[in-house]
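Here is the structure we will look at.
Values quoted throughout were computed directly from the atomic coordinates according to the rules given, and no laboratory measurement underlies them. Nothing here was measured: the structure is a model prediction, and the numbers come from that model. For neighbour counting, all protein chains shown are included, and Cβ atoms are generated from backbone atoms with ideal geometry for every residue, glycine included.
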Amino acid sequence: MSRDVLIQVNHLKKYFNVSRGILGHHIEGTVKAVDDVSLSIYRGETIGLIGESGCGKSTLSRVLLGLISPTDGEVIFEGKKMNRKALKEFRTRVQMVFQDPYSSIDPRMCMRRIIEEPLRIHTSLSRSERMDLVLPLIKQLGFDEEDLKKYPHEFSGGQRQRIGIARAFILEPSFIICDEPVSALDVSIQAQILNLFRQLQREKGVTYLFISHDMAVIKHISDRIAVMYLGRIVELASKDELFSDTLHPYTKALIESIPVPDPRIHTSMKPLEGELPSPINPPSGCPFRLRCRHAMDICASSIPELREIKEGHFAACHLFDGRS
Ligand code: SF4
């Protein structure tokens, strides 16, 4: 049975020209923050996007939100190509939950104004009609009507993130980009917020793109996982498949670096070696080759394409040349 594609990303590129002086040296170049990314996101799924900081995942999310335009490629949302004309409608259908709920909400606004603001901007509903939508949503998220009068500093970090989630859901979007939404929270609160995302998805049928640098978080929340390295997707598969038959050496390193909370359990956990190369001056060929134990001659001269190696399991690595 074919699945319903909500968003189709085709050969998306976002390049930035860089020109600056550092310690007396002048650096000029192009940063390929997103480099030829193609991806289908299915209605109702959670697709996890994992990679180290600087790999391009936040730039990709900003292009998908329509906040910055791509250098090349296209985004098709609910069957319509995203362009300036479609942007207004698109902005009501796509919302974002940010990493730091305190910096993404206005500290001078009370909770009621924070949550109903998208309704004031995008609809002509009266105040009482807006409250008819706000009240059931905040109750679902564990707040009381009295909380609506409070200001952000009166809430804990977890409560502020729930306010950010309420604001994202108030327009009933079909797609929500969650950009590191639990990384600023205590570990004890993280699981509560992740479970809340799942509960809201079951009830409202929303689709998530869930971005994190933390493989344990991505494993908890995702149906499928896309692994990004220096602007490219290097592996894409369902969560179960990705963990049971990991193909790409970078994904293996990320999985091996997941900490196990019980010190009595001995694991082969190894931190990922080396640093992400400078995106202004990436290595030739495979962008991961300087950190890869399996690098071969061909890896220095040819960029591996993302190919379907097994049904629904894609990888960009020369180890699988000839396998498909
Ligand atoms: Fe390693 Fe080569 Fe595969 Fe890149 S293409 S991940 S360098 S084996």
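Could you tell me how many degrees, from 0 to 90 and to the nearest 10, lie between the Cα long axis of helix 84-93 and the main elongation axis, the longest principal axis, of the Cα atoms of the chain?
70 degrees
Where is the GNM fluctuation largest for the chain (alpha-carbon springs, 10 angstrom cutoff): 109, 215, 228?
Evaluated over the chain, the most mobile residue of the options is 109.
When 139, 57, 150, 32 are ordered from fewest to most other Cβ atoms inside 10 Å of their Cβ, what list results? Present the calculation step by step, with values, prior to reporting the outcome.
Working: 139 12, 57 26, 150 16, 32 21.
By the 10 Å Cβ count, ascending, the order reads 139, 150, 32, 57.
Give, in whole angstrom and from largest to smallest, the semi-axes √(5λ) of the equivalent ellipsoid of segment 29-141, with λ running over the eigenvalues of the Cα gyration tensor. Show your work: numbers first, answer last.
Values: eigenvalues 184, 65, 41 Å².
In descending order, the three semi-axes are 30, 18, 14 Å.
Mind checking the full-extension length gain between residue 122 and residue 88? Use 0.36 nm per residue of separation minus the Cα-Cα distance, one decimal, nm. Don't jump to the answer; show the numbers that get you there.
Values: separation 34, 0.36 × 34 = 12.24 nm, distance 0.89 nm.
In short, 11.3 nm is gained.
Could you pull out every residue, at least 5 positions away or on a different chain, whose amide H is within less than 5 Å of the one on residue 49? Hs are placed 1.01 Å off N in the peptide plane, and Pro or chain starts have none.
Those qualifying (amide H under 5 Å, at least 5 residues apart or on another chain) are 210, 211, 212, 226.
Wrap a convex hull around the Cα atoms of segment 210-254, take a quarter of its surface area, and give that in square nanometres.
2.9 nm²
Using 0.36 nm per residue of separation minus the Cα-Cα distance, give me the extension gain between residue 13 and residue 28 in nm, one decimal.
Numbers: separation 15, 0.36 × 15 = 5.40 nm, distance 1.92 nm.
Working it through step by step, the gained length comes to 3.5 nm.
If neighbour count is taken as other Cβ atoms inside 10 Å, put 258, 176 in order from fewest to most.
258, 176
Taking the chain as the reference, fit the longest principal axis to its C-alpha atoms, fit the long axis of helix 187-204 to the helix C-alpha atoms, and give the angle between the two in degrees, 0 to 90, nearest 10.
Approximately 70 degrees, to the nearest ten.
Considering the Cα trace of the chain, what is its radius of gyration and what is Dmax, both in angstroms?
Looking at the chain, its Cα Rg and Dmax stand at 21.0, 67 Å.
Taking the Cα atoms only, what angle lies between the long axis of helix 111-122 and the longest principal axis of the chain, rounded to 10 degrees?
80 degrees
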